[in-house]
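The values are calculated or read from the model by the stated rules, or taken from the named source; none is laboratory data. It should be emphasised that the depicted structure is a prediction, and the values quoted were computed from it without experimental measurement. Here the Cβ positions follow ideal geometry from the backbone for every residue, glycine too, while neighbour counts run over all protein chains shown. Protein only, heavy atoms only, side chains kept; ligands, DNA and RNA dropped before computing areas. Shrake-Rupley method; radii C 1.70, N 1.55, O 1.52, S 1.80 Å.
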Amino acid sequence: MSKKKFAQVAIDSPLRKLFDYRIPDGIDKVEVGSRVLVPFGRRKVVGIIVKLIEQSDIASNRIKNIHTLLDNSTIFNQETFTLIGWAARYYHYPLGAALFSALPPALRKSQDTATDTENVWQLTDTPADNSLKRAPKQAKILAWLEQQTTATTTTTLNAQFPNSQAAIRALETRGLIRKVATVISDRSEEQPLACEIKLTNEQRLASEHVIKSLNQFKVQLLEGVTGSGKTEVYFKVISHILTHNAQAQVLILVPEIGLTPQLQTRLTKRFGINIGLLHSNTTEKQRKQTWLKIAQGDIRIILGTRLAVFTPAPQLALIIVDEEHDASLKQQEGFLYHARDVAIYRAKQLNIPIILGSATPSFESLHNASTEKFAHLHLHNRALSNAMPSIQLADMRTEHASTILSAPLGQAMKNHLAAGQQIILFLNRRGYAPALLCHDCGWVAHCERCDANMTYHRKNNKLICHHCDSTRNKHAHCPQCHSSNLIMLGHGTQRIEEALLDEFENYSTVRLDRDITRRKGLLEKILLEIQQQKHQIIIGTQILSKGHDFPNVSLVGILDIDYGIHSTDFRALERSAQLLIQVAGRSGRRDIRGEVFIQTHTPDHPLLQTLIQQGYASFAERALAARSEWKLPPYTHHIAIRARSQNNHDVFVFLEKVKSLCTQLLPDNVIIQGPINAAMEKKAGQFRAFILLIIDQRGAFTQHIDYCLEHIETLKEARPVKWSVDVDPIDNFV
Ligand code: ADP
Ligand code: ZN
Ligand code: ZN
């Protein structure tokens with residue numbers, strides 16, 4: 001085969017096109033999928049070869065040469081290259097930008113693909129002297145390092161000891177520890193493996209069902225109540241695959257890894273091999289190295305967040321998507337893919353099975369199960385406890401308006417605490433108070449950049465906007481009437497914590513919310529302390545819904561469910577129900593029967609009643625019937641074209657233009673709605689709106705839409721706005 005003369009190269013840019021370059025003499029081994037360094041404007045940028053061609057439309061005196069070939073062979077394999085190409089088309093995202101977002105950040109630059117060394121901390125031979133007595137922090141770090149049998153990177157050390165950089169440096173200066181460069185070894189140290197658990201009947205049936213269909217494409221929706229042991233079903237299937245095929249790889253996708261450290265620990269204990277961790281909380285170096293090892297087939301269990309779905313894994317035999325209903329599986333910026341849906345396509349392309357696990361499956365998946373596109377497996381019973389918790393509604397209308405804990409919940413707390421149990425109080429609002437109000441004139445502290453109130457945080461006496469992070473000092477006087485009569489309205493997690501101090505002073509209280517998880521390593525520490533029963537009352541936000549196993553929690557109080565019930569988004573009910581069932585599911589996972597109290601002002605809400613009396617499946621069935629009647633997803637498909645700008649007028653002029661283009665160019669059976677304001681019209685100083693395309697058949701109009709987008713791209717009205725296409729959007733806030 002003669003050598004091709006030109007290459008079409010994808011670049012990390014929002015432009016929906018490829019760029020032609022000449023392959024100069026001296027560069028021989030060009031392959032589709034290889035990275036190259038190419039001149040682009042005045043810069044040199046990294047590009048990826050998408051196609052080799054004989055001739056280019058660019059005049060020969062204008063076409064530029066490829067500057068350097070960075071890889072001798074494709075950086076993705078054929079399979080992932082095709083997968084990303086499909087996803088770029090399906091989500092109408094520029095191929096170049098899609099390919100680059102699928103690469104680990106280190107490989108988006110012109111770094112090579114050699115295995116790196118990394119700095120790890122070691123003890124020196126210098127013995128510690130008495131002076132450490134006065135430096136307890138340093139002594140603690142030293143003692144911990146002495147216990148370690150594996151290499152400790154700076155990241156691990158920082159995670160273990162947050163805010164201890166000074167202490168670490170001091171130890172280094174004292175000559176007690178040092179940094180050495182080493183190649184991080186792939187083999188984790190020998191350790192006793194956890195033995196296989198004897199599965200319950202339901203677990204056995206479910207795993208056998210999956211094992212029977214290995215080596216073929218099949219989507220298995222594993223719907224198992226909280227605590228039913230879904231993870232053990234995954235493990236059984238993984239173990240079968242790993243023992244029957246010495247090379248096979250398994251990909252496990254989870255919504256947010258930082259929030260579920262338990263799964264990683266359980267995997268390591270059970271399989272004793274190195275787990276390839278892929279998420280944005282690792283260093284660039286680590287991520288690149290793990291990615292490359294997976295691509296070489298050297299790592300067999302891959303645990304990652306949504307971006308891991310694009311990782312080349314030559315021997316992939318199974319994909320698992322845990323908590324498949326979770327909204328964090330959908331990317332919300334840039335390349336707006338849904339990792340679950342991409343994973344399903346990938347399994348199909350590879351002809352392998354995929355398990356979607358959840359206690360509260362998404363409506364999409366339930367719909368697919370009811371039309372038999374997916375197999376539907378059930379775990380109705382908990383693995384370790386006989387009963388699901390009892391759920392009761394506490395009617396807040398009969399309480400005083402400022403009441404935090406209703407009488408029945410307060411009494412139940414006393415009972416459970418007296419019995420030595422732990423308690424969860426759930427409230428989806430962090431901070432101290434969600435609003436600051438002037439009692440005299442009615443002024444409310446509003447974010448200047450968003451359509452939102454500022455939340456008061458007592459710890460630093462600041463007002464913070466939870467949508468754009470704007471921060472300012474709390475006012476001493478009303479800026480409108482100078483009154484000092486400012487009152488804090490409503491309750492956030494911090495205020496609940498404070499309110500409990502008096503009544504429950506003999507018990508230790510701990511908070512779990514984003515303010516906590518932002519600090520590296522703190523979540524792990526708190527989760528451990530909860531396991532060790534150092535705290536009796538846990539107050540938290542939706543972090544609590546993320547699959548944690550708290551063995552001694554027997555009571556869950558959901559302080560306020562009304563917010564989700566009254567939202568304007570048609571998906572809000574589904575979300576609230578999932579959240580409610582997930583949080584409730586933290587209760588009574590062992591011997592004691594759990595109790596759940598839900599405080600609400602609308603105890604008669606029919607869907608809430610169905611959810612509580614008949615369970616999630618019946619709730620979903622009813623809610624889905626309503627969706628079908630209103631022709632809402634999953635019975636139709638939505639594509640949103642979103643726009644934002646500092647100038648509201650520009651947004652609407654652009655979207656009106658887009659609408660008329662779409663009306664002209666799209667077939668008649670596509671319904672076009674809008675322009676509609678985003679639910680939060682202004683965010684971080686930008687006005688946001690969208691138009692909605694409603695389509696019967698997923699994917700049927702891809703080409704028409706591409707054609708529309710090509711036109712939209714050239715509109716002069718597009719210049720002052722930022723716009724994007726969102727296929728299968730999951731909310732109307734963004
Ligand atoms: P889920 O993910 O469905 O909420 P998990 O897999 O976390 O449930 O299981 C809940 C708890 O029950 C875990 O502590 C797990 O070790 C235990 N467990 C699961 N299956 C069994 C079993 N067959 N025998 C004993 N314990 C089990
Ligand atoms: Zn005032
Ligand atoms: Zn704001």
Charge context of residue 161, other residues only, Cβ under 15 angstrom, K/R +1, D/E -1: +3
Pair-distance profile P(r), taking every C-alpha pair of the stretch 1-122, with 5 angstrom steps and integer %: 2, 11, 21, 23, 19, 12, 6, 3, 2, 1, 0, 0
The chain: antiparallel DSSP beta bridges as a percent of all, rounded to 5: 55
Residue-span extension gain [residue 439 to residue 239] - 0.36 nm each, minus C-alpha spacing: 65.7 nm
Counting DSSP beta bridges with both ends in the stretch 233-351, the antiparallel % (nearest 5): 5
Cβ-based charge dipole, the chain, positive-most Cα from 537, 292, 548: 292
Compactness of the stretch 633-728 as Cα Rg over 2.2 N^0.38 Å, two decimals: 1.04
Alpha carbon convex hull of the stretch 331-397, projected area averaged over orientations, nm²: 8.7
Relative contact order [Cα under 8 Å, 6+ residues apart], the chain, whole percent: 11
Ordering of 62-73, 544-555, 129-140 by burial proxy (mean other Cβ atoms within 10 Å per residue, highest first): 544-555, 62-73, 129-140
Calculated on alpha-carbon atoms, Rg and Dmax of the stretch 455-561 in Å: 16.3, 52
Distance violations [Cα-Cα > 24 Å] among 212/269; 140/462; 657/682; 109/269: 212/269; 140/462; 109/269
Furthest towards positive pole of dipole, 412, 725, 48, structure part the chain, Cβ charges: 48
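Viscosity 1.567 mPa s, temperature 4 °C: give me the Stokes-Einstein translational D for the stretch 203-297 in µm²/s, with Rh taken as the Kirkwood radius over C-alpha pairs. Can you show the working numbers first?
On the way: Rh = 15.0 Å.
It comes out at roughly 86 µm²/s.
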Where N is the number of residues in the stretch 573-618, Cα Rg divided by 2.2 N^0.38 Å: 1.19
Hull-based mean projected area of the stretch 245-370, where the convex hull spans the alpha carbons, in square nanometres: 8.2
Estimated translational D of the stretch 620-680 in µm²/s (Stokes, Kirkwood radius over Cα pairs; 37 °C; 0.692 mPa s): 241
Difference of contour (0.36 nm per residue) and Cα-Cα distance, residue 166 to residue 373: 68.9 nm
P(r) tail fraction, the chain - alpha-carbon pairs more than 37 Å apart, %: 48
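Considering only DSSP states other than H, G, I, E and B, which trypsin sites (Lys or Arg not before Pro) in the stretch 589-668 qualify as loop sites with at most 14 other Cβ atoms within 10 Å?
Passing sites in the stretch 589-668 are 593, 631.
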Efficiency of FRET from Cβ geometry, residue 460 and residue 507, R₀ 25 Å, rounded to 0.05: 0.45
Under the Karplus curve 6.51 cos²θ - 1.76 cosθ + 1.60, θ = phi - 60°, whole-Hz ³J(HN,Hα) for the stretch 576-591, x wherever Gly or Pro sits: 5, 5, 4, 4, 4, 5, 5, 5, 4, x, 6, 9, x, 7, 10, 5
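Put 687, 619 in order of accessible area, largest first, 1.4 Å probe: what do you get?
Working: 687 50, 619 5 Å².
So the residues, ranked largest to smallest area, are 687, 619.
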Charge dipole (the stretch 201-250, unit charges on Cβ, about Cα centre) - positive-most of 206, 222, 250: 250
Length released on extending from residue 713 to residue 568, taking residue separation times 0.36 nm less the Cα-Cα span: 49.1 nm
Cα point-scatterer Debye curve for the stretch 356-432, base-10 log of I(q)/I(0) at q = 0.12, 0.16 Å⁻¹: -0.65, -0.90
In sequence order, calculated HN-Hα J values of the stretch 85-93 (Karplus, 6.51, -1.76, 1.60; Hz; x Gly/Pro): x, 5, 4, 4, 5, 5, 8, 6, 10
Projected label distance in nm at residue 351 and residue 134, using a 7 Å step from Cα toward the beta-carbon: 7.3
Amide H partners (placed H, <5 Å) of residue 45, local residues excluded: 38, 40
Debye log10 I(q)/I(0) at q = 0.15, 0.24 Å⁻¹ for the stretch 470-524, Cα point scatterers: -0.70, -1.01
Value of Rg to Rh for the stretch 247-319 (Rh from inverse mean 1/r over Cα pairs, i.e. Kirkwood): 0.92
Point-charge dipole on Cβ atoms (K/R +1, D/E -1) for the chain, about Cα centre, debye to 20: 1840
Net +/- balance of residues flanking residue 89 in space, Cβ distance below 13 Å, scoring K and R +1, D and E -1: +1
Cut-off under 5 Å, modelled amide H: who pairs with residue 379 long-range: 223, 224, 225
About the Cα centre, charge dipole magnitude for the stretch 582-734 (Lys/Arg +1, Asp/Glu -1 at Cβ), debye: 480
Above-threshold pairs, the threshold being 24 Å between Cα atoms, out of 373/659; 17/218; 44/683; 198/525; 288/722; 230/373: 373/659; 17/218; 44/683; 198/525; 288/722
Ranked order, 636, 509 - accessible area, probe 1.4 Å, largest first: 509, 636
Residue-by-residue Karplus 3J(HN,Hα) for the stretch 328-344, coefficients 6.51, -1.76, 1.60, Hz, glycine and proline x: 6, 6, 9, 5, 10, 9, x, 7, 8, 8, 9, 4, 5, 5, 5, 4, 5
Residue 415/residue 684 FRET efficiency (R0 60 Å; Cβ-Cβ; nearest 0.05): 0.85
Global geometry of the stretch 507-646, whether rounded, prolate or oblate, following the gyration tensor of its Cα atoms and the 1.5 cut on a/c: oblate
